[in-house]
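What follows is a single structure, written as structure tokens, with notes after it.
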Amino acid sequence: MNLWELYKSGEWEIPFLTFSIYLFVLASFVFYLLIVASRNRNIKREKLRNEYNELIEKVLSSVIFEDVLYAEIKKDKNFMVLFDTSFFRTVLTETLINLHKNYEGIYAQKLEQFYKDSGLIKDSFKKLKNFSWEIKCKGITELAEFNINEAFDQIIACTKARNKTLKITAINAGIKLEGVKGIVHLTEHTDIIDEWTQVNIISAFKKHDIGDTKGVELLLESQNTTVVSLGLKLIKELKLTQKVPFVAELSTKAPNTIIKYEAQSVLQALTI
């Protein structure tokens, strides 16, 4: 009753409006300070990135073209002081990845060896164990880029994640590292492999030019019809005519009419 009487009297309006104005001004000021601080931090990081890039390019150039090993590089105290900072290591890893994508053969192997010797590989494994899916994806991408096959089992474990981006990243990494072995495990999956995930898997096969396709036919034996559909799409898109007998068998023993028609369509496409 007291509150209702206070409300009807209208005495609360002026204090409430005054408080609201002060609160709005204070919140605006704090928000402005946060924007300025964030902008200054980004400018500072960009300046540091440019400075670091100059040093990193010199170091990696000596690794690639002058056969300088990490054991020699770490004798440089200035480099090691920077190397102990997380942001420098982040920039270094990004540069390494960009270079590795553009080099092949012996040059790529030198970069991979530097990645291992410098301990950046440990950073990637730590990211792989992180609870954040974004950080996990970074770790998976780094390990796959530098062909770290010993990370395969841990990466494949991430293919069962609920997060779709993490799942696709892990499957693609598994394909890059071990080819068909990177998807055979899907035969045991009970989760639906949606169309978008299937498209990404097929793209990964085409991108990495997987030569040995032995085992793709195992997908056709899965109890998960979406996995069977993926197997059929892979056989069709990669034009694996040697898998025709398996597709023909499936067309006669398909678990449902949708798979039966899809198998017949693949047979027709491969035998014409």
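The values are calculated or read from the model by the stated rules, or taken from the named source; none is laboratory data. On a predicted model such as this, the values are computed, not experimentally measured, just so you know. As a convention, Cβ positions derive from the backbone with ideal geometry for all residues, glycine included, and neighbour counts pool all protein chains shown. Calculation scope for accessible area: heavy atoms of the full protein, side chains included, ligands and nucleic acids excluded. Shrake-Rupley method; radii C 1.70, N 1.55, O 1.52, S 1.80 Å.
So here's what we get for this one:
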{"item": "Residue check for GLU72: open to solvent by 20 Å² or more (accessible area, probe 1.4 Å), under 28 Å from ILE43 (Cβ atoms), acidic (Asp, Glu) and part of a helix (DSSP H, G or I)", "result": "no"}
{"item": "Cβ-Cβ under 7 Å pairs, at least 6 apart or on other chains, the range 68-93 side without any contact (Cβ under 8 Å) to a residue 12 or more places away in the chain, far side part of a loop (DSSP other than H, G, I, E, B) and open to solvent by 50 Å² or more (accessible area, probe 1.4 Å)", "result": "MET80/LYS74"}
{"item": "Near pairs, Cβ below 6 angstrom, 6+ apart or cross-chain, from the range 206-225 (touching a residue at least 24 places away in the same chain (Cβ under 8 Å)) to any residue that is open to solvent by less than 20 Å² (accessible area, probe 1.4 Å) and of a type in the set (D, E, K, R)", "result": "GLU217/LYS243"}
{"item": "Flag if ALA151 is among the aliphatic types (A, V, I, L, M), assigned to a helix (DSSP H, G or I) and in contact with a Cys (Cβ under 6 Å, 6 or more places away or on another chain)", "result": "no"}
{"item": "Residue tally, condition on the phi > 0 side of the Ramachandran plot and either open to solvent by less than 60 Å² (accessible area, probe 1.4 Å) or assigned to a helix (DSSP H, G or I) (or both), over the range 43-69", "result": "0"}
{"item": "Residue list for the range 178-190, restricted to those being open to solvent by 20 Å² or more (accessible area, probe 1.4 Å) and in a helix (DSSP H, G or I)", "result": "GLU178, LYS181, VAL184, HIS185, THR187, GLU188"}
{"item": "Test: CYS137 is open to solvent by 10 Å² or more (accessible area, probe 1.4 Å), in a helix (DSSP H, G or I) and touching a Ser or Thr at 6+ places or on another chain (Cβ under 6 Å)", "result": "yes"}
{"item": "Members of the range 83-92 that are open to solvent by less than 50 Å² (accessible area, probe 1.4 Å) and either under 17 Å from TYR115 (Cβ atoms) or basic (Lys, Arg) (or both)", "result": "PHE83, PHE88, ARG89, VAL91, LEU92"}
{"item": "Number of the exception - ILE193 against (1) open to solvent by 40 Å² or more (accessible area, probe 1.4 Å); (2) touching a helix residue (DSSP H, G or I) at 6+ places or on another chain (Cβ under 9 Å); (3) in a loop (DSSP other than H, G, I, E, B); (4) more than 30 Å from GLU104 (Cβ to Cβ)", "result": "(1)"}
{"item": "The one condition in (1) open to solvent by less than 20 Å² (accessible area, probe 1.4 Å); (2) under 16 Å from the mean Cα position of the chain (by Cα); (3) of a type outside the set (S, T, N, Q) that LYS164 fails to fulfil", "result": "(1)"}
{"item": "Extreme residue, surrounded by the fewest Cβ atoms within 10 Å (Cβ to Cβ), among residues of the range 202-232 that are touching a Gly at 6+ places or on another chain (Cβ under 9 Å) and aliphatic (A, V, I, L, M)", "result": "LEU218"}
{"item": "Candidate set from the range 93-110 (those that are of a type outside the set (S, T, N, Q) and under 20 Å from the mean Cα position of the chain (by Cα)); member that is surrounded by the fewest Cβ atoms within 10 Å (Cβ to Cβ)", "result": "LYS101"}
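Per-residue answers, yes or no, for (1) more than 16 Å from LEU218 (Cβ to Cβ); (2) open to solvent by 80 Å² or more (accessible area, probe 1.4 Å); (3) within 34 Å of the chain's Cα centre (by Cα):
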site: VAL247; (1), (2), (3): no, no, yes
site: ALA254; (1), (2), (3): yes, no, no
site: THR257; (1), (2), (3): yes, yes, no
site: THR271; (1), (2), (3): yes, yes, no
